[in-house]
Amino acid sequence: MTSVSTLLSQVLQFDTDNRRSFPWRQSYDPYHVLVSEYMLQQTQTGRVVEAFSNFLSRFPSVHDLASAKRQDVLACWVGLGYNRRAVALQNTAKLLVSEHDGIVPSDEEALRSLPGIGPYTAAAIVIFAYNKRAIAIETNIRTVVVHHCMHGESDVSDTSIATVMERLLSEAERRSLAYRDLYAALMDYGAHLKRSGIRVSCRNTSSQGTFKGSVRQARGVIIKTLVSGTCSVTDRHIVPCTRQTWEQALSGLIRDGMIEKSGGGYVLCGESAT
């Protein structure tokens, strides 16, 4: 078992020559961090890089995003998947403008009251936007902690990982290391371990299942079709899935407030002819 002090030294040594460069690490503007954390939910960093820059070019401020048309927001989200995140992000922007003077909160509890923000995203925002102490646990951090501090054992809970993280944070404070630098280094080192073939099993991780022919794929195709200007979606020939899957995708999007019926088909919410 690696001691916390030794682990932190090893992580920082790796970070010296191997820190990854991402556009969201070039700015600690809270709005930029907010956008990046929504995009990074369940999405690989490589797919987010271009989308992040394009999104900020189109919506440079929280006020621009709050006042944008839903179709324009979804158009900038194409390729990232899980389109409900784009809707949640815009709804959050509207709440920030109406209830927070356009300022992203620096408090985890306040952040968790906003649409689409759970424990990890709230913690990540206060860490990277405000350099505040918080426990944020994602797949790369799990890999580092379990591999080095728990003998690679299986079925490790996030509660156990959080205990180690508390000690790591204390050691980082002793060395006057910024919280955001600690987390960036841990994530990059964890990604390196995974590329090296290190795999860990934790209670809080699960497989997303097969994408092809899934409800998730059908939802994405429906949104992409409607964003492109098609006035309705009435059949499933554009994605290989069962009729039941197609109907589940449509009903789910209606339930999530993303599409609505219009005539004999469907349109994005708010895009119906008046």
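The values are calculated or read from the model by the stated rules, or taken from the named source; none is laboratory data. If you're wondering where the values come from, they're calculated on a predicted model, not measured in any experiment. Counting neighbours? That spans all protein chains shown, and the Cβs are built from the backbone with ideal geometry, glycine included. Protein only, heavy atoms only, side chains kept; ligands, DNA and RNA dropped before computing areas. Shrake-Rupley method; radii C 1.70, N 1.55, O 1.52, S 1.80 Å.
Observations, loosely collected:
- Cα gyration tensor shape for the range 76-224, rounded if a/c is under 1.5, else prolate or oblate: oblate
- GNM result for the chain, Cα springs below 10 Å: residue of S21, S196, S53 fluctuating most strongly: S196
- By accessible area with a 1.4 Å probe, ligands and nucleic acids excluded, highest first: order of D155, D17, D188, D72: D17, D155, D72, D188
- Partners of K194 within straight-line reach, counting aspartates and glutamates whose Cα lies under 16 Å from its Cα and excluding those fewer than 8 residues away in the same chain: D15, E138, E153.
- Spatially proximal lysines relative to K261 (Cα-Cα < 24 Å; intrachain offsets below 8 disregarded): K69, K224
- Once the Cα-Cα distance is subtracted from the 0.36 nm per residue extended length, the F22 to K69 segment shows a gain of 14.1 nm.
- Classification of the range 80-144 by its C-alpha gyration tensor yields an oblate form. The axis ratio a/c (a ≥ b ≥ c) is 1.5 or more, and b/c is at least a/b.
- Largest GNM mean-square fluctuation across N140, N18, N131, computed for the chain with C-alpha springs under 10 Å, falls on N18.
- The chain - Kirkwood radius from inverse mean 1/r over Cα pairs (Å): 20.3 Å
- Chymotrypsin sites (Phe, Trp or Tyr not before Pro), loop per DSSP, at most 15 other Cβ atoms within 10 Å - longest free stretch of the chain: 29-210
- Shape category assigned to the range 50-92 from the gyration tensor of Cα positions, a/c cut at 1.5: oblate
- MRE, 222 nm, helices only [DSSP H, n ≥ 4, -39500 (n - 2.57), over the chain, to nearest 500]: -18000 deg cm²/dmol
- The residues of the chain present an accessible area of 49 Å² per residue when probed at 1.4 Å with all protein chains retained.
- Rough spin-label spacing in nm, given labels placed 7 Å along Cα→Cβ, for R195 and N91: 3.7 nm
- Gaussian network model of the chain, springs between alpha carbon atoms under 10 Å - residue of G81, G46, G118 with greatest fluctuation: G46
- Close amide H partners of S262, meaning residues 5 or more places away or on another chain with modelled amide H under 5 Å apart, are V267.
- Looking at the range 131-163, the trypsin sites (Lys or Arg not before Pro) that sit in a DSSP loop and have at most 16 other Cβ atoms within 10 Å of their own Cβ are K132, R133.
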